[in-house]
Amino acid sequence: MDNTVDTELSFWEQIEEDFRSHGCDWTLPGFRAVAVHRFGVWRMTVQPKLLRAPLSLLYRMLFRKIRNGYGIELPYTVNLGRRVVIEHQGGIVIHGYSTIGDDCIIRQGVTLGNRYLNRPLDAPKLGKRVNVGAGAKIFGDVTIGDDVNIGANAVVLNDIPSESTAVGIPAKVIQKSLVN
Ligand SMILES: CC(C)(COP(=O)(O)OP(=O)(O)OC[C@H]1O[C@@H](n2cnc3c(N)ncnc32)[C@H](O)[C@@H]1OP(=O)(O)O)[C@@H](O)C(=O)NCCC(=O)NCCS
């Protein structure tokens, strides 16, 4: 599994690709959350710092608007892959040090977070094409392989191998299956 995220696209190319991934609907909260994330990453490339300052202010305002209005907390520090889809909104919390690989789907009520209070920097790493069911929670320094289904409301506490489906609390692999 390769967790490196391809960032060869320009900011506007990324926005266009994300727009298409979200069904070409600019009103979708998921698209808006991803677009603000891309903006947050892009603005860090702007030099000098004086020029970046107003962009950072705008980013922080937009981040709060998305978080408070749609319930999607997706900090720019998340290593976010291409064509990631946030389907629906509400109760979505993504740890700032998480990795989400290309073509993953994140749904309402999903948390990617640290497991222990005294290990605040631990965060999950999702491979490519991970299909995260509604309400699923993934905690700690765990690695999810490529082509994985995480069942709705699962609580994932351990690594999940590629090409598998995990369900339940704590989540257990039930069978080998490819994401369709
Ligand atoms: C996990 C999931 C992807 C199904 O995977 P699958 O490989 O097709 O699995 P199956 O449906 O054949 O179920 C296999 C077993 O897992 C169980 N199972 C399926 N989903 C489960 C879940 N979320 N939690 C607990 N058990 C689950 C089934 O009851 C079945 O158990 P059994 O063998 O004892 O009868 C699917 O059930 C799921 O949770 N998808 C998320 C969908 C979602 O979030 N939709 C929101 C749209 S807004």
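Tabulated values for the structure
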{"quantity": "Qualifying residue in the range 160-172 (condition: over 21 Å from residue 81 (Cα atoms), within 14 Å of the ligand (Cβ to nearest atom) and free of Cβ contacts under 8 Å to residues at least 12 places away in the same chain)", "calculated": "yes"}
{"quantity": "Odd one out for residue 106 among (1) within 24 Å of residue 70 (Cβ to Cβ); (2) in a loop (DSSP other than H, G, I, E, B); (3) within 11 Å of the ligand (Cβ to nearest atom); (4) not small (Gly, Ala, Ser)", "calculated": "(2)"}
{"quantity": "Among (1) farther than 26 Å from residue 32 by Cβ; (2) touching a Ser or Thr at 6+ places or on another chain (Cβ under 7 Å); (3) away from the ligand (no atom under 15 Å from the Cβ) - the single one residue 123 does not satisfy", "calculated": "(1)"}
{"quantity": "Residue count for the range 136-151, restricted to those that are part of a loop (DSSP other than H, G, I, E, B) and without any contact (Cβ under 8 Å) to a residue 40 or more places away in the chain", "calculated": "7"}
{"quantity": "Qualifying residue in the range 83-99 (condition: among the basic types (Lys, Arg) and touching a Cys at 6+ places or on another chain (Cβ under 7 Å))", "calculated": "no"}
{"quantity": "Verdict on residue 94 being away from the ligand (no atom under 16 Å from the Cβ) and buried (at least 21 other Cβ atoms within 10 Å of the Cβ)", "calculated": "yes"}
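Bear in mind that the values in this text are calculations on the coordinates, not laboratory data. Because the structure is predicted, anything quoted here is derived from the model rather than measured. When we count neighbours, we look across all protein chains shown, and the Cβ atoms used for this are built from the backbone with ideal geometry, even at glycine.
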